[in-house]
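These notes are about the structure you will find just below.
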Amino acid sequence: MAAIISVDFQQTFILILLCFFSLLCYSLFFKKPKDSQGCDLPPSPPSLPLIGHLHHLLSTLTHKSLQKLSTKYGPLLHIKIFNVPIILVSSASMAHEIFRSQDVNVSSRGVSAIDESLVFGSFGVINAPYGDYWKFIKKLMATKLLRPQSLERSRGIRAQELHRFYSRVLDKARKTESVEISKEMMKLTNITLCRMSMGRSFSEENGEAEKVRGLVDETYAFTKKMFLAAILRRPLEKLRIPLFKKDIMSVSNRFDELLERILVEHKENLRDEEHQGTDMMDVLLAAYEDKNAEYKITRNHIKSFFVELFVGGSDTSVQTTQWAMAEIINNAKVLERLREEIDSVVGKSRLIQETDIPNLPYLQAVIKEALRLHPPSPLVVRTFQERCEIKGFHIPEKTILVINAYAVMRDADSWEDPDEFKPERFLLSTSSSRSGKEEEKEQTLKYIPFGSGRRGCPGVNLAYIFVGTAIGVMVQCFDWRISGDKVNMEETFKGMNLTMVHPLKCTPVPRTLSFSFTSSS
């Protein structure tokens with residue numbers, strides 16, 4: 001592990017030196033014209049010569065470094081990385097103002113790092129510019145891929161995999177073995193997502209599953225570097241300096257080889273009368289072959305969709321489950337109340353099902369509070385496509401926007417005791433003079449664990465299902481023993497996702513008789 005950290009640090013340090021030299025040359029040979037508007041930019045904190053505020057982005061905990069900066073200098077700041085302008089937003093009111101008045105303007109993340117790559121490229125949904133393709137795929141997700149009817153059809157798959165998850169944990173409990181929550185949750189979400197999206201899971205026997213896990217890990221390793229690369233792309237492109245292209249294309253090509261084989265296999269299965277033709281890959285292949293489609297997608301669009309599903313779709317649920325369980329274990333009263341709710345609604349004769357979740361408001365509140373304190377992606381990055389004005393300040397076009405979701409959801413002006421784990425804050429007040437809808441709307445404006453606006457995460461409902469049922473099973477069926485009195489909550493980054501420095505390991509102790517599997521489909 002130390003060797004890996006050393007290598008990563010060396011690579012990052014070399015990148016910084018390269019950027020420093022390159023941007024120095026850029027500043028000498030490519031002078032940026034002054035803003036013709038002559039309007040005031042948002043306030044800017046003191047910076048270092050040449051590199052500007054780069055040192056804040058290179059912090060081990062970037063979100064906390066930027067939060068500290070905003071606490072001292074204000075919720076709307078203009079910072080620079082070399083000569084690249086960035087608008088930093090750190091309060092709920094300011095984030096709401098931008099999403100309210102500039103949603104379309106900030107609905108692009110900026111140009112992708114390597115257009116032709118399946119990883120960090122423009123074929124995917126995440127980096128696609130706001131335009132015809134993005135609107136088409138967003139509509140496809142809303143009407144076919146992730147609509148309630150589609151999720152209902154795949155409910156039986158999720159129920160089967162949830163029971164297998166329970167059985168694996170129960171087997172560990174009987175052997176008095178510890179469980180690493182993130183590893184078990186990753187196995188659950190990966191297998192379930194694969195079965196839901198492709199009608200199959202990756203094989204462990206032929207090394208397919210191990211290959212995919214390796215590719216996903218390699219992709220995560222690039223994420224934070226690509227965050228810097230995206231910021232520095234424009235000046236470095238003028239100097240014809242590529243950024244990690246060889247390594248990224250290597251990962252992309254291996255994903256391409258794997259997914260092309262699966263696409264061919266899947267298309268062959270469509271000829272089988274027993275194949276239902278209702279999973280995500282079926283829908284995308286049908287759109288690919290539809291001559292009258294609103295937008296003509298390519299095979300690379302389909303492959304990039306699944307790359308992003310593997311990389312981003314599972315880790316969000318994994319990290320949220322790990323943080324939530326850590327908070328539950330550290331807060332005995334929360335565990336007691338949550339268990340009482342599950343026992344009263346679900347009972348002790350059957351395993352919790354996803355259809356129970358709407359009747360478990362405290363479980364929902366626990367998940368939301370875990371997401372508030374520990375958002376999977378604490379920094380939301382967008383780009384202002386056009387010049388605009390915010391709170392009387394001028395924002396030039398093509399300025400990068402960074403919303404510190406971590407700071408927004410710990411904003412003392414919007415949240416009482418913002419650093420405390422209090423799920424009760426998400427239970428709508430019955431004594432308040434305001435209506436429940438008004439209270440819920442107010443909370444939505446300051447609660448952005450999955451981003452907000454048009455580019456908010458489309459898979460939120462599915463993520464809540466994964467996390468809710470997994471936590472429900474672990475609380476309903478087991479007590480949890482840890483080493484020491486409290487779980488260590490120290491944070492670190494896995495790519496750009498927030499995770500625990502010390503992965504949560506605990507020993508399950510069965511509290512009920514084992515449950516038999518009953519399909520909820």
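Run the numbers on segment 98-162 and let me know its relative contact order in percent, using alpha-carbon pairs under 8 Å that are six or more apart.
Relative contact order for segment 98-162 comes out at 18 percent.
What lysines does residue 486 reach when the alpha-carbon gap must be under 29 Å and sequence neighbours fewer than 8 apart in one chain are set aside?
64, 68, 172, 175, 183, 187, 333, 348, 368, 422, 494, 505
With charges set only on the Cβ (+1 for Lys and Arg, -1 for Asp and Glu), what does the dipole of segment 97-170 come to about its Cα centre, in debye to the nearest 20?
That gives segment 97-170 a dipole magnitude of about 520 debye.
Order by neighbour count: 247, 282, fewest other Cβ atoms within 10 Å first, most last.
Listing 247, 282 from fewest to most nearby Cβ atoms yields 247, 282.
Mind listing the long-range amide H neighbours of residue 479? Cut-off is under 5 Å, sequence gap 5 or more, other chains count too, H placed in the peptide plane at 1.01 Å from N.
When sequence neighbours closer than 5 places are left aside, the close amide H contacts are 509, 511.
Taking the Cβ of each residue in 118, 41 as the centre, tally the other Cβ atoms inside 10 Å and list the residues starting with the fewest.
Ordered from fewest to most neighbouring Cβ atoms within 10 Å, 118, 41 come out as 41, 118.
Ranked by Cβ crowding within 10 angstrom, fewest neighbours first, how are 494, 267 ordered?
Final ranking by Cβ density, sparse to dense: 267, 494.
Take residue 296, project a point 7 Å from its Cα along the Cβ direction, then tell me which residues of segment 116-136 have their backbone nitrogen under 16 Å from it.
Under 16 Å, as judged by backbone N against the label point of residue 296, lie 132-133 of segment 116-136.
Can you tally the net charge around residue 496? Count Lys and Arg as +1, Asp and Glu as -1, for every other residue whose Cβ sits under 11 Å from the Cβ of residue 496.
Local net charge: +2.
Let me know the charge dipole size of segment 291-373 about its Cα centre in debye, to the nearest 20, where only the beta-carbon of Lys, Arg (+1) and Asp, Glu (-1) is charged.
Using only the charged Cβ atoms, the result is roughly 400 debye.
Taking 0.36 nm per intervening residue step and subtracting the Cα-Cα distance, what contour gain separates residue 83 from residue 420 on full extension?
The residue 83-residue 420 span can extend by a further 117.5 nm.
Excluding residue 341 itself, calculate the net charge of residues whose Cβ lies under 14 Å from the Cβ of residue 341, where each Lys or Arg counts +1 and each Asp or Glu counts -1.
Neighbour charge sum, excluding residue 341 itself: -1.
Taking square-rooted eigenvalues a ≥ b ≥ c of the alpha carbon gyration tensor, is segment 145-220 rounded, prolate or oblate, where a/c under 1.5 means rounded and, failing that, a/b exceeding b/c means prolate?
Oblate is the answer for segment 145-220, as a/c is 1.5 or above yet b/c matches or exceeds a/b.
In whole Å, what is the distance between the alpha-carbon centres of segment 50-114 and segment 442-465?
19
Given Cβ point charges of +1 (Lys, Arg) and -1 (Asp, Glu) and nothing else, what value in debye, to the nearest 20, does the dipole of segment 357-403 about its Cα centre take?
40
What's the extension gain from residue 398 to residue 180 if we count 0.36 nm per residue and subtract their Cα-Cα distance?
Working it through step by step, the gained length comes to 74.2 nm.
Any read-out appearing in this document is the output of simple, stated calculations on the displayed coordinates, not a laboratory observation. Note that this is a predicted model, so its numbers are computed, not measured. Here Cβ is always computed from backbone atoms with ideal geometry, including for glycine, and neighbour counts include all displayed protein chains.
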